[in-house]
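J.: Let me begin by handing over the structure; questions about it come next.
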Amino acid sequence: MDGMKHVVLALAAAALAPAAAAQEPVKIGIVTFLSGPAAAPFGVPARNAADFVIEELNAGKAPAPYGKKGFGGSPLEMVIVDEAGSTTTQVTEFRNLVQRQNVDLVVGYVSSGNCLAIAPVAEELKKLTNFFDCGTPRIFEDASYKYVFRTSPTATMDSVGAALYVKDAKPGTKSIAGLNQNYAWGQDSWGDFELAMKTLVPNIEVKTSQMPKLFAGQYNAEISALLSAKPDVIHSSFWDGDLEALILQAGPRGLMKQSLTILTTGETAMHKLGSQIPDGTVLGARGPFGPYAPANQYNKWFHGGFVGKYKSEPNYASYQMAQAILGVKLAWEKAQDANGGKRPSNEQVGAALENMSYEGPGGTVKMAIGKGHQAIMETAYGQTRLAGGKLTVVNVKRYPAEKVNPPEGMKAADWIKGGFKAQ
Amino acid sequence: MDGAIYSAWLFIAALGLTLIYGVMKIVNVTHGSFYAIGAYAAASLTAAWLARGFPPMLSYAVLVVAAIVVAAPFAILIERVILRFMYTKDEVVILLATYALFLILEDVIKLIWGVDPYFIAEPYALLGSFQVADMAYPTYNLLLVAAALVFGGGLAWLLHSTRAGKLLLAVIHDPEISRAMGVNVGRYYLATFALGSLLAALAGAFTAPTVSVVPGLGVDVIVLSFAVVVIGGLGSLPGAALGAVIVGIVRSLSVHYLPQLELFVIYFVMAAVLAVRPRGLFSLAEPRKI
Amino acid sequence: MVLASLALLAAAGPWLPQWAMFIVTIAFARGLVALGLLLLLRAGLVSFGQALFYCLGAYAAGAIGRFFGVSDIFIEMLVGGTVAALVAFVLGFLLARYRGIFFGLLSLALSMILYGLLVKTEALGSTDGFNIAPSTLFGVRPPPDWVRYSVLLSAAAVASLCALVVHRYLHTPMGRLAPAIKDNEIRVEYMGASARKAVHVTYVIAGALAGIGGALAATAVGHIDPDMAYWTTSGEFIFITILAGTGSVAAPFVGALLYGSIHTLAYGLSPNTWQMSLGLALLMLIVFLPEGLWSLATRHARHS
């Protein structure tokens, strides 16, 4: 354990240099993928965002109202854990983080399976935990929590937004097809999209739903099946390696030209594959992130600083991590003020975070559903256009938060089936 | 058509594995690592080649050379330093050793190449595409099929027509007697392991232009290759070919007609084949101890 | 000796930190699976698919909780073990015919088929799985601070019981056939015993043990997902079995504990390269302790 302690201390020392506060540091546990295929698109960009944001916060350089150093003057210390491995491993490591390393709170988790497993453990251990990325709506649909929060919208938003965009961009759509990975994420994404399309266009025809194995890598057979089915619209929630393989394999075969192709998490491919993405492909960023982020002061600070430090663009995972930390900071400071300037307890921070609304690099975050524990945001979709060697998005349409997220107390599936009406 | 392409890919991937098992009787989990090393080496070196403005048409050669040049030292190192001392041990222990090596190599790859995905699309796109029954197929995939034939044929020729190959066959049948006859079995093991691993690396290299090379690339290949090899019969070259073809066709059919089963159709085939022919389709006869 | 350590654990238990209790509980769960593997290994069979039963046991335990509202920890383990045993009985008819690498790979194939089936079943949450409610002991729900300890104690009790049963089994005529089968099956048949039957029985016992382990793990972690049937999970169990050695029925539990500790240490010390650390550790163990950890204990005993 000594080795780890030295690393953490070094990190803290580097971040603490300018801070003169003699207050006890706030230990944040950060859990995200440091190895395996999810590291590159989510884990590492998220970790980089965490590094950057914590550094800036400790130096007091973030724009108001995030200007206080660290959390309410207490310097931040980051303890990082790799999210790779089975849920048993993750639960073990979460318990270690909380009980052995004594972190003050936890921000993390990309995998929905892990989120589902960790949520009850967080409640049991009474540790404030903020899920920054995982998409399943089940967390707050299946149960209520006091200590668990999620400052990013659920995956439902991506599918509903996609359906709305299809209706706007290609009003005469008669048939759809899906190409999604055969696991919970892919199944749910397609399920939500199919349901939403059926609600918006009652006689829509589903030509085929291809569900290759996660990380299959080779999609020639599926692409052939889609080419011969000739749907008007193709929906895919592929991410990272699979997404890039799909683009590389389908592009030259003209799939995107034949059908309007929506890649709901396509934003991560923009930066690396840029010129390989055929014009007209619809890209999603799981919310108002990346190219869809507003031009507010927070985005200027975050985007500019991130690019300056890492020489690469922050993707939506980076944005989500940034707003997760900022949200918790705001709640912490609110609670601290209400507590007479003394260090707030997890319960007090939780109470402050509940139903809170705040601004971040992605815009407004409203903790509006899941009894105030689940965030909603607007979303945006746009189509790619290669202009002068640089990939841009055109034809961008934004959809307000209430239109793409279910209302409080309603299950996503029921909401979609009911025609998107609040009860 | 898809079946042929997938089969070709499977065949190249499985070839090295069946060779190593046939000769050395070890189940080589590092097979996946070499596949990944080949892919990473090919992707990074080809990208560097193209960035320097060298002729793109030669990039195919770079793929091959990169894979061989980078994978070979790893293979030789592993065999000489670690595996050499394990041949007398139990099959399972050797398997676990290769599993341990696989874990180590995964992180070594990460340390060398990082976690970002690599991709080189040029070799894939360069050859253009051709039409089959109103669907466009990139010509690159034909290259894959050709490569499969070359490797398969080449290996078969090597084993049956060259002196070294025939000696290798002898070693496959009975290492003890071969040793007694003066064959340097140790050297053959090294050569086999190197060759098998290089084949895995080449499979990875050829796949690299069509996918995004990411960490964890080797993991699934291991199980798929094993399935193909077991279906065909461990240690049998024609078996591996037939196994690859069967799996490729079955999978393509299932993708078109029954996408639900795609996930585990390969395991069904494996279970079905093993139920009917317990040693795989073409298997080497093994003497029984009385 | 087993009872002694159980008593020791029961006494020391409440003073262990909670996170350690958790690790020990999981070690018991994995140890059970490894115990089954030990039996198979003695007969010369390596099953790469014990995860199949581990997962079945877990899902069975979860199912009775979800659909029937049962939450008693002992019932969960019993149901898990029984379901697994039944499946093992059926599959055994097919598998008992194979030996060596084919046994291993066929068992792997079956395990992956279960994985595929579970991933396809959205009603059970597909790859996200679902959660299990905290367990009760004989109808009593332990107070929050004592949950970890009570689960640990139940685990220890069940594990010791199983270990004792296996120990007895190894001294029965059928149990003693295992090394004979490993060595020379034809002679076994000449002697009038049925190798096939012995393998079948061993497989069922191993399956049942893995099922109990799976149910226990599910309760302790609180979450079940199809990953429990993936081949890498089977790989972990084999790792533990080889690590521990086949010397004694207590060995698998010690091995599981060590594995859990190394795994956690690797995560903590080298979060960016834990795979390498784990691999190196395993490699060194294989090279220096080919008979497993238990050989350390026996070697010492022999010399003294």
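Laboratory data are not the source of any read-out in this text; all were calculated from the coordinates shown. Please read these numbers as outputs of a predicted model, since none were measured by experiment. Cβ sites come from the backbone with ideal geometry, for glycine too, and all protein chains shown count toward neighbours.
J.: Could you tell me the center-to-center distance, by alpha carbons, between the stretch C:244-273 and the stretch C:180-235 in angstrom?
T.: Measuring centre to centre over Cα atoms gives 21 Å.
J.: Please list 3J(HN,Hα) in residue order for the stretch B:222-227, calculated via the Karplus relation 6.51 cos²θ - 1.76 cosθ + 1.60 where θ = phi - 60°; whole Hz, with x for glycine and proline.
T.: 4, 5, 4, 4, 4, 4
J.: Over all alpha-carbon pairs in chain C, figure out the percentage whose distance exceeds 38 Å. Can you show the working numbers first?
T.: Working: 4711 of 46056 pairs.
Counting pairs separated by more than 38 Å, the tail of P(r) holds 10 percent.
J.: Still on this structure, I have one more. Charges only on Cβ, +1 for Lys and Arg, -1 for Asp and Glu: so what's the dipole of the stretch C:1-154 about the Cα centre, in debye to the nearest 20? If you can, show how the numbers build up before the last one.
T.: On the way: 8 positive and 5 negative charges, 84 e Å.
It comes to approximately 400 debye.
J.: Shielding by partners for B:81-91, please: the mean number of other protein chain Cβ atoms within 10 Å of each residue's Cβ.
T.: Working: counts 0, 3, 0, 0, 1, 3, 0, 0, 3, 5, 5.
Per residue, the average neighbour count from other chains is 2.
J.: Might you report the magnitude of the Cβ-based charge dipole of the stretch A:304-423 about its Cα centre, with Lys and Arg at +1 and Asp and Glu at -1, to the nearest 20 debye? Present the calculation step by step, with values, prior to reporting the outcome.
T.: Values: 16 positive and 10 negative charges, 81 e Å.
Charge dipole of the stretch A:304-423: 400 debye, to the nearest 20.
J.: Averaged over peptide A:79-89, how many Cβ atoms belonging to another chain are found within 10 Å of each residue's Cβ?
T.: Working: counts 2, 2, 3, 8, 0, 6, 6, 9, 9, 16, 8.
Average neighbour count from other chains, rounded to a whole number: 6.
J.: For the stretch C:137-289, restrict the atom set to alpha-carbon positions and state the Rg and Dmax in Å.
T.: Radius of gyration, then largest Cα-Cα span, for the stretch C:137-289: 18.7, 59 Å.
J.: Could you tell me the calculated FRET efficiency between B:Arg52 and B:Ala164, based on Cβ-Cβ distance and R0 = 35 angstrom, to the nearest 0.05?
T.: Details: r = 38 Å, r/R0 = 1.08.
So the FRET efficiency works out to roughly 0.40.
J.: List the chymotrypsin sites (Phe, Trp or Tyr not before Pro) within the stretch C:118-172 that fall in a DSSP loop (any state other than H, G, I, E or B) and whose Cβ has at most 12 other Cβ atoms within 10 Å. Mind showing how you got there, number by number?
T.: Values: sites: C:Phe130, C:Phe138, C:Trp146, C:Tyr149, C:Tyr169; in loops: C:Phe138.
Hits after loop and neighbour filter: C:Phe138.
J.: Take the Cβ-Cβ distance between B:Val276 and A:Lys342 as r, set R0 to 51 Å, and report the resulting FRET efficiency rounded to the nearest 0.05.
T.: Working: r = 74 Å, r/R0 = 1.45.
That pair, B:Val276 with A:Lys342, gives E of 0.10.
J.: Additional query: Check A:Gly135: other-chain or 5+ apart residues with amide H under 5 Å from its amide H, H built from backbone geometry?
T.: Those lying under 5 Å, H to H, from A:Gly135 are A:Ser112.
J.: Find the relative contact order for the stretch A:74-138 and round it to a whole percent, using C-alpha pairs within less than 8 Å whose residues are 6+ positions apart. Write out the running numbers ahead of the final one.
T.: On the way: 60 pairs, mean separation 21.1, N = 65.
Averaging sequence separation for qualifying contacts and normalising by length gives 32 percent for the stretch A:74-138.
J.: Report the full-extension gain for the segment B:Leu149 to B:Asp174: residue separation times 0.36 nm, less the Cα-Cα distance, to one decimal in nm.
T.: Working: separation 25, 0.36 × 25 = 9.00 nm, distance 2.86 nm.
That works out to 6.1 nm of additional length.
J.: What are the ³J(HN,Hα) values, in whole Hz, obtained from phi via the Karplus relation 6.51 cos²θ - 1.76 cosθ + 1.60 with θ = phi - 60°, for each residue of the stretch B:14-25 in sequence order, with x given for Gly and Pro?
T.: 7, 3, x, 5, 5, 5, 5, 5, x, 7, 9, 6
J.: Would you mind working out the magnitude of the charge dipole of the stretch A:140-212 relative to its Cα centre, with +1 at each Lys and Arg C-beta and -1 at each Asp and Glu C-beta, to the nearest 20 Debye? Can you show the working numbers first?
T.: On the way: 7 positive and 8 negative charges, 36 e Å.
Roughly 180 debye, rounded to the nearest 20.
J.: Taking a temperature of 10 °C and a viscosity of 1.306 mPa s, what whole-number D in µm²/s does Stokes-Einstein yield for the stretch A:317-423 with Rh from Kirkwood over alpha carbon pairs?
T.: Diffusion coefficient, whole number: 99 µm²/s.
J.: Averaging sequence separations of C-alpha pairs under 8 Å and six or more residues apart, then dividing by the length of the stretch C:159-284, give the relative contact order as a whole percent.
T.: Details: 53 pairs, mean separation 20.1, N = 126.
Dividing the mean separation by the residue count of the stretch C:159-284 yields 16 percent.
J.: Follow-up. Just how far, in whole angstrom, is the stretch A:297-323 from the stretch A:143-162 if you go by their alpha carbon centroids?
T.: Cα centres, the stretch A:143-162 to the stretch A:297-323: 22 Å.
J.: On alpha-carbon atoms, Rg over Rh for chain A using Kirkwood Rh?
T.: Numbers: Rg = 21.1 Å, Rh = 21.8 Å.
On the Cα set of chain A, Rg over Rh gives 0.97.
J.: Now for a separate question. Which of the helices in chain C meet the span-like rule: DSSP H, Cα axial reach of 24 Å or more, Kyte-Doolittle mean at least -0.5?
T.: On the way: long enough: C:18-42 (35 Å, 1.75); C:50-68 (27 Å, 1.06); C:73-95 (32 Å, 2.40); C:100-120 (31 Å, 1.96); C:147-170 (34 Å, 1.43); C:195-221 (38 Å, 1.25); C:251-269 (26 Å, 1.16).
Flagged H segments are C:18-42, C:50-68, C:73-95, C:100-120, C:147-170, C:195-221, C:251-269.
J.: Per the protein assembly as shown: cysteines with no other Cys C-beta under 4.7 angstrom?
T.: Isolated Cys, the protein assembly as shown: C:Cys55, C:Cys162.
J.: Mind listing the long-range amide H neighbours of A:Gln210? Cut-off is under 5 Å, sequence gap 5 or more, other chains count too, H placed in the peptide plane at 1.01 Å from N.
T.: Amide H neighbours of A:Gln210: A:Gly178, A:Leu179, A:Asn180.
J.: When 1/r is averaged over all different Cα pairs and the result inverted, which Kirkwood radius in Å belongs to the stretch A:216-363? Each step should come with its number before you reach the end.
T.: Details: mean 1/r = 0.0563 Å⁻¹.
Averaging 1/r across every pair of different Cα atoms and inverting gives 17.8 Å.
J.: Let me ask something else about it. So for chain C, taking the charge dipole from beta-carbon charges (+1 Lys/Arg, -1 Asp/Glu), which of C:Leu161, C:Gly235, C:Trp15 sits furthest toward the positive end?
T.: The listed residue farthest towards the positive side: C:Leu161.
J.: If you don't mind, another one. Shape verdict for the stretch C:54-200, please, from the Cα gyration tensor: rounded (a/c under 1.5), prolate (a/b greater than b/c) or oblate.
T.: It is oblate, given that a/c is not under 1.5 and a/b is not larger than b/c.
J.: Also, I was wondering about something else. Divide, for the protein assembly as shown, the radius of gyration over alpha carbons by 2.2 N^0.38 Å, where N is the residue count. Please list the in-between numbers first.
T.: Numbers: Rg = 28.4 Å, N = 1017, 2.2 N^0.38 = 30.6 Å.
Normalised Cα radius of gyration, the protein assembly as shown: 0.93.
J.: For the stretch B:37-99 and the stretch B:164-233, write down the distance between their C-alpha centroids in whole Å.
T.: Spelled out, the Cα-based centre of one part sits 12 Å from the other.
J.: Sorted by average packing, counted as other Cβ atoms within 10 angstrom per residue and highest first, what order do C:198-211, C:57-70, A:391-404 take?
T.: Working: C:198-211: 26.7, C:57-70: 21.7, A:391-404: 16.3.
Top to bottom by mean Cβ count within 10 Å: C:198-211, C:57-70, A:391-404.
J.: Apply the Karplus parameterisation 6.51 cos²θ - 1.76 cosθ + 1.60, with θ equal to phi minus 60°, to every residue of the stretch A:55-69 and state each ³J(HN,Hα) to the nearest whole Hz, in sequence, with x for glycine and proline.
T.: 4, 5, 5, 5, 8, x, 9, 7, x, 4, x, 9, x, 4, 6
J.: Pairs of Cα atoms under 8 Å, at least six residues apart: use those to get the relative contact order of chain A, whole percent. Before the final figure, lay out the partial values.
T.: Values: 856 pairs, mean separation 70.5, N = 423.
Taking the mean separation of contacting Cα pairs over the length of chain A, I get 17 percent.
J.: Could you point to the residue in C:Ala217, C:Gly247, C:Gly260 farthest towards the positive end of the stretch C:179-273's charge dipole, with +1 and -1 charges on the Cβ of Lys/Arg and Asp/Glu respectively?
T.: Ranked along the dipole, the leading option is C:Gly247.
J.: Hey, can you grab everything whose amide H is under 5 Å from the amide H of A:Gly29? Only 5+ residues off in sequence or another chain; H modelled, so Pro and N-termini drop out.
T.: Under 5 Å from the amide H of A:Gly29 lie the amide H atoms of A:Val79, A:Asp104, A:Leu105, A:Val106, A:Val107, each far enough along the sequence or on another chain.
J.: Now for a different question. Mind listing which trypsin sites (Lys or Arg not before Pro) in the stretch B:1-84 are in a DSSP loop and have 12 or fewer other Cβ atoms within 10 Å?
T.: Numbers: sites: B:Lys25, B:Arg52, B:Arg80, B:Arg84; in loops: B:Lys25, B:Arg52.
In loop regions of the stretch B:1-84 (DSSP not H, G, I, E or B), the sparsely surrounded trypsin sites (Lys or Arg not before Pro) are B:Arg52.
J.: Put +1 on the Cβ of each Lys and Arg and -1 on the Cβ of each Asp and Glu in the stretch A:80-191; which of A:Cys134, A:Ser159, A:Pro171 then has its Cα farthest toward the positive end of the dipole?
T.: After comparing all options, I get A:Pro171.
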